[in-house]
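Structure first, then comments.
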Amino acid sequence: MTEVAGITASMQDYLETILELTDGQDGVRITDIAAKLNIAKASVNQAIAKLKEQGLVRQNSYGPVILTDIGREQAAKVRQRHHKLRKFLIEVLGVNPKVAEKDACLMEHVVSPETMARLTEYLIEHGKIESNGDVKCSQQEAGCGNANINYRKEGCALKSVQTKALNELQVGAKGIIIRVVAQGAVRRRMLEMGVTPGTEVTVKGVAPFGDPMEFVIKGYNLSLRKAEAADVFVEELL
Amino acid sequence: MEEMQSQQASGGIVVALAGNPNSGKTTLFNELTGSRQHVGNWPGVTVEKKEGRMFFAGQPIQIVDLPGTYSLGAYSEDEAVARNYIVFDKPDVVVNIIDAVNIERNLYLTVQLLEMGANVVIALNMIDEAQARQVEVRAEKLSTLLGIPVVPTVATKNHGVKELIEQVVAAAKCKKNEALRINYGREMEAVLEAVISEIKRGNALNERFDPRWLAVNLLTGDLKLIEGLVNNDTLNRLLLKQREYAKNLEQAYGDDVETIVAEKRYGFISGLAKEVVVKRQSVADRLTMSDRIDKIVTNRYLGIPIFLLLMWAMFQFTFTLGDPMIEWIETLFEWLGEAGGSLLESAGASELMKSFFVDGLIGGIGSVLVFMPNILLLFFAISLLEDSGYMARAAYVMDRFMHSLGLHGKSFIPMLMGFGCNVPAIMATRTLENKQDRLITILINPLMSCSARLPVYVLFVGAFFSAYEGLVIFSLYMLGIVMAIFIGMLFKRFLFKGETSHFVMELPPYRIPTLKSTFIHMWERSSSFIRKAGTIIFAVVVVIWVLSNLPAGVETASSESYLGQIGSLVAPVFAPAGFGSWEASAALVFGILAKEVVVGTLGIIYGVEEAGLTKIIAAQWTPLAAYAFMVMTLLYIPCVATIGAIKRETNSWGWTAFAVGYSLILGWLMAVIVYQVGSLLGLG
């Protein structure tokens with residue numbers, strides 16, 4: 001399993017989403033990706049810029065986003081991993097499909113190539129997937145019929161765990177930080193100020209002119225512009 | 001060896017104070033050193049360096065106040081100064097001030113200090129505030145867990161300060177060698193081990209720094225640190241591998257190295273906090289006083305009116321209260337001049353000698369001191385707003401507006417201070433982390449009408465517009481603001497295209513400022529103005545006196561004097577602006593040296609006191625030319641003290657020349673527009 005180095009989990013999620021939306025079309029619009037993942041367009045733009053840098057997608061100025069061959073290969077691999085993991089969780093371990101879906105979403109990014117190879121072997125041995133590694137269909141998976149199209153209804157990434165960008169939370173709402181996708185100096189400053197994954201954050205208010213916003217994090221008050229908050233993904237606590 | 005040296009060099013213990021902004025670091029520094037402190041600059045950079053001395057049991061202790069930072073990541077100049085001091089100068093003890101109310105974020109810096117292997121003593125400050133919030137912080141437990149002394153303090157009340165010094169003295173004797181080790185996870189640790197063994201092989205690095213600390217910084221790609229190190233083979237080899245290491249780790253963790261490091265450090269800290277902090281459950285969600293104030297002060301509808309009200313109050317405070325004091329000072333110096341004059345006369349001094357003492361020396365000192373009331377009051381008000389925590393809210397409330405002008409919410413504070421004096425205002429841009437924000441704020445700052453320009457307005461308004469005094473002066477202040485906005489947007493658009501800044505800023509809890517620290521703050525800034533501007537202003541008044549009386553034998557300040565000759569040379573340039581007389585040009589030339597010198601120069605040229613000056617100007621100028629002249633005074637070339645500040649803060653002669661050049665063109669252009677349009681409208 002060859003991997004392009006330096007693709008973070010969120011980048012993998014983006015690739016998967018693009019692959020899913022691309023199906024049968026020439027390319028995907030930023031708007032569609034944003035809608036699918038339920039996050040701000042500005043954040044998507046930034047992520048796409050990074051993917052472009054790594055040669056995983058192509059995009060002519062403001063045109064549709066198109067996966068490159070390498071990008072397509074990477075996305076397909078992540079999708080394969082997801083599918084196998086989910087299958088393993090549901091059919092071998094008997095995990096509730098909803099939980100399995102969520103867990104697969106997280107595991108697909110961190111599982112080592114070795115584990116994945118063993119898992120694939122195991123699934124083939126027990127007849128859960130074809131011997132060439134393709135995923136077989138089972139009754140539990142309605143609508144799976146046709147290879148691996150539409151094998152899930154939601155984008156894995158960010159949406160599957162109720163993820164929102166931090167600026168989308170209402171005043172008074174709480175969330176747990178999942179990912180910080182900001183880059184450069186802002187990213188570093190945010191991390192140092194305690195905006196790290198796993199931290200709880202509460203929206204305290206919005207400035208009179210509508211920007212910046214005020215948050216409570218680690219027991220103190222921090223302000224961020226909306227554009228900066230858009231680069232922090234949180235799981236909203238309801 | 002090195003420790004011995006640092007103690008010997010200063011003849012005592014060297015202690016560095018490190019801590020987050022708003023942790024009470026400055027207050028503690030003031031408590032420790034009292035008046036035995038001096039402010040300078042760190043060598044080579046523009047960050048302020050405060051040093052003080054104290055004695056404990058007869059032993060001298062040198063205290064260095066490091067810039068307040070959240071981290072030692074060295075992204076900003078402040079951080080680099082703090083870190084380099086600890087790493088390269090190796091103080092005997094680092095006192096780390098921690099806000100007990102906000103312990104988790106404050107401990108991030110502590111962890112970094114401990115990872116460097118610094119000899120740390122923690123001052124657990126504001127312990128009273130924590131108690132008021134029903135939060136208990138167990139100092140002994142923290143001390144045991146970190147293996148370093150922890151002393152609870154309330155710096156504002158001088159509680160615990162003596163115990164702190166005792167601990168510092170004790171810590172200076174027994175050095176701690178073990179650096180803190182945070183477990184960064186299996187893959188990261190494996191890579192760290194490889195890097196560490198590489199560093200240990202190249203022993204040049206190993207001797208000076210904790211190898212593990214160096215390894216972590218290498219992996220996070222901290223280039224500022226690497227730039228500061230001696231170029232050596234081991235380092236170069238490691239730098240080549242750094243990218244590869246980082247890539248592998250990114251793949252293993254699904255996140256970049258910076259995030260992993262920050263996350264693990266905060267993980268360690270939250271473990272500490274769980275052991276050390278005891279919160280009373282019932283009050284977890286209770287609104288604190290600070291929250292309640294914030295609800296009003298940053299309220300959607302009230303936020304802006306409150307902000308404007310406070311700014312108005314600040315100005316009333318500065319000027320309404322200051323003006324009578326200015327009159328007292330003027331009266332005092334008039335009396336001094338007369339008394340000194342008659343004393344000299346009775347001693348048989350020549351007319352020239354008498355004039356030099358009375359007009360040159362006494363007048364010179366008077367023209368410096370006359371600024372003191374306004375400047376002291378303005379800085380008192382600003383210190384009050386800062387120490388109370390409101391300044392951060394002002395930046396928060398104004399950021400959207402300032403951002404739309406291409407500036408930062410924090411730019412507002414230096415711009416505001418510009419109304420007092422551009423010199424400290426330009427120094428205040430240091431709070432801006434983004435270089436471009438900072439540069440634009442510095443460049444447009446001189447357009448804010450500083451208090452030195454006020455005497456010029458007062459003179460001309462007195463001569464022509466006494467019925468509309470407030471309105472005319474207000475129009476000039478507004479013109480300055482409008483020009484600053486316009487020029488700022490222009491620069492942002494054409495000079496710094498595509499640059500982005502950020503607004504990741506703490507909003508500290510509101511606190512009642514202590515009078516002592518407000519006064520010290522006010523005094524520091526005012527005295528720096530007196531030192532920087534005072535000497536120049538004084539020197540200039542003397543120089544003008546000399547120029548206006550030379551070459552020998554000319555009538556004082558006549559057109560034959562050097563002053564007159566300079567004026568005549570420049571005069572034609574200003575004819576289209578309505579003030580093409582040599583007197584006006586001479587005044588402007590000397591106004592570069594300090595803006596209020598315009599008044600003094602005119603006084604010397606026309607050979608009259610201020611009251612008489614108003615009459616002469618009313619007779620010789622037209623109202624339109626007077627207004628154009630005021631516009632010119634407002635906008636043209638910043639005074640030498642400001643030019644000096646710009647050079648120091650931008651660290652570039654190019655930008656300094658640019659600031660001088662653009663403002664000269666702008667001032668001339670606006671003055672010409674005012675005069676020509678005014679003439680067309682028949683106002684001439």
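A few points about this structure:
- Scanning the stretch A:205-215 for residues that are in a loop (DSSP other than H, G, I, E, B) and under 11 Å from B:LEU507 (Cβ atoms) yields a count of 2.
- Hits in the stretch A:205-215 - residues which are more than 7 Å from chain B (Cβ to nearest Cβ) and touching a Gly at 6+ places or on another chain (Cβ under 8 Å): A:MET213
- Restricted to the stretch B:397-412, and to residues there that are aliphatic (A, V, I, L, M) and in contact with a Phe, Trp or Tyr (Cβ under 7 Å, 6 or more places away or on another chain), the residue that is farthest from the other protein chains (Cβ to nearest Cβ) is B:MET402.
- As a summary of the residue check, B:CYS639 satisfies the conditions (1) more than 23 Å from the chain's Cα centre (by Cα); (2) closer than 29 Å to B:GLY366 by Cα except for the one numbered (1).
- Single match in B:LEU109, B:LEU72, B:LEU66 (criterion: touching a residue at least 40 places away in the same chain (Cβ under 8 Å), within 27 Å of B:LYS162 (Cβ to Cβ) and either more than 14 Å from chain A (Cβ to nearest Cβ) or out of contact with any strand residue (DSSP E or B) (no Cβ under 7 Å at 6 or more places or on another chain) (or both)): B:LEU66
- Scan of the stretch B:404-440 for residues that are touching a residue at least 40 places away in the same chain (Cβ under 8 Å) and of a type in the set (Val, Ile, Thr), ordered by number: B:VAL423, B:ILE426, B:THR429, B:ILE440
- Residues of the stretch B:444-459 include at least one that is in contact with a Cys (Cβ under 9 Å, 6 or more places away or on another chain), at pLDDT below 85 and at negative phi.
- B:TYR75, sole failed condition from (1) at pLDDT 85 or above; (2) among the aromatic types (Phe, Trp, Tyr); (3) under 24 Å from A:THR196 (Cβ atoms): (1)
- Cβ pairs under 7 Å, 6+ apart, first in the stretch B:324-347 and farther than 20 Å from B:GLY600 by Cα, second assigned to a helix (DSSP H, G or I): B:LEU344/B:MET353; B:LEU344/B:LYS354; B:LEU344/B:PHE357; B:GLU345/B:LYS354
- Every test in (1) more than 7 Å from chain B (Cβ to nearest Cβ); (2) small (Gly, Ala, Ser); (3) without any contact (Cβ under 8 Å) to a residue 12 or more places away in the chain is passed by A:GLY175 save one, and that test is (3).
- Checking each residue in the stretch B:54-69 for being surrounded by fewer than 17 Cβ atoms within 10 Å (Cβ to Cβ) and either at pLDDT below 85 or not polar (S, T, N, Q) (or both) picks out B:PHE55, B:PHE56, B:ALA57, B:GLY58, B:PRO60.
- Top-ranked residue of the stretch A:179-204 - restricted to ones that are assigned to a strand (DSSP E or B) and under 21 Å from the mean Cα position of the chain (by Cα), ranked as farthest from the other protein chains (Cβ to nearest Cβ): A:VAL201
This table checks each residue for (1) modelled with pLDDT of 85 or more; (2) in a helix (DSSP H, G or I).
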| residue | (1), (2) |
| --- | --- |
| B:ILE165 | yes, yes |
| B:VAL169 | yes, yes |
| B:ASN177 | no, no |
| B:ILE182 | yes, no |
| B:MET188 | yes, yes |
| B:ARG212 | yes, yes |
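- Note on the stretch A:64-91: residues that are closer than 19 Å to A:MET11 by Cβ, in contact with a Gly (Cβ under 9 Å, 6 or more places away or on another chain) and either touching a residue at least 40 places away in the same chain (Cβ under 8 Å) or small (Gly, Ala, Ser) (or both) amount to 6.
- Some residue of the stretch B:477-485 being surrounded by 19 or more Cβ atoms within 10 Å (Cβ to Cβ), more than 21 Å from B:VAL660 (Cα to Cα), touching a residue at least 40 places away in the same chain (Cβ under 8 Å) and over 15 Å from the mean Cα position of the chain (by Cα): no
- Pairing each residue of the stretch B:241-267 that is on the phi > 0 side of the Ramachandran plot and within 8 Å of chain A (Cβ to nearest Cβ) with any residue that is among the small types (Gly, Ala, Ser) and part of a helix (DSSP H, G or I), provided the two are 6+ apart or on different chains, yields C-beta distances under 6 Å for B:GLY254/A:ALA9.
- Test: A:GLN140 is over 28 Å from B:TYR253 (Cβ atoms), assigned to a loop (DSSP other than H, G, I, E, B), modelled with pLDDT under 90 and more than 8 Å from every other protein chain (Cβ to nearest Cβ): yes
- Some residue of the stretch B:435-451 being under 30 Å from B:ILE296 (Cβ atoms), in contact with a Ser or Thr (Cβ under 6 Å, 6 or more places away or on another chain) and buried (at least 23 other Cβ atoms within 10 Å of the Cβ): yes
- Any chance B:PHE590 is within 23 Å of B:ARG531 (Cα to Cα), in contact with a helix residue (DSSP H, G or I) (Cβ under 7 Å, 6 or more places away or on another chain) and part of a helix (DSSP H, G or I): yes
- Members of the stretch A:216-233 found to be more than 7 Å from chain B (Cβ to nearest Cβ), outside any loop (DSSP other than H, G, I, E, B) and touching a residue at least 24 places away in the same chain (Cβ under 8 Å), listed by number: A:ILE217, A:LYS226, A:ALA227, A:ALA229, A:VAL232, A:PHE233
The values are calculated or read from the model by the stated rules, or taken from the named source; none is laboratory data. This structure is a prediction, so every number in the text was calculated from the model and none was measured. Cβ coordinates were reconstructed from backbone atoms using ideal geometry, including for glycine residues, and neighbour counts include every protein chain displayed.
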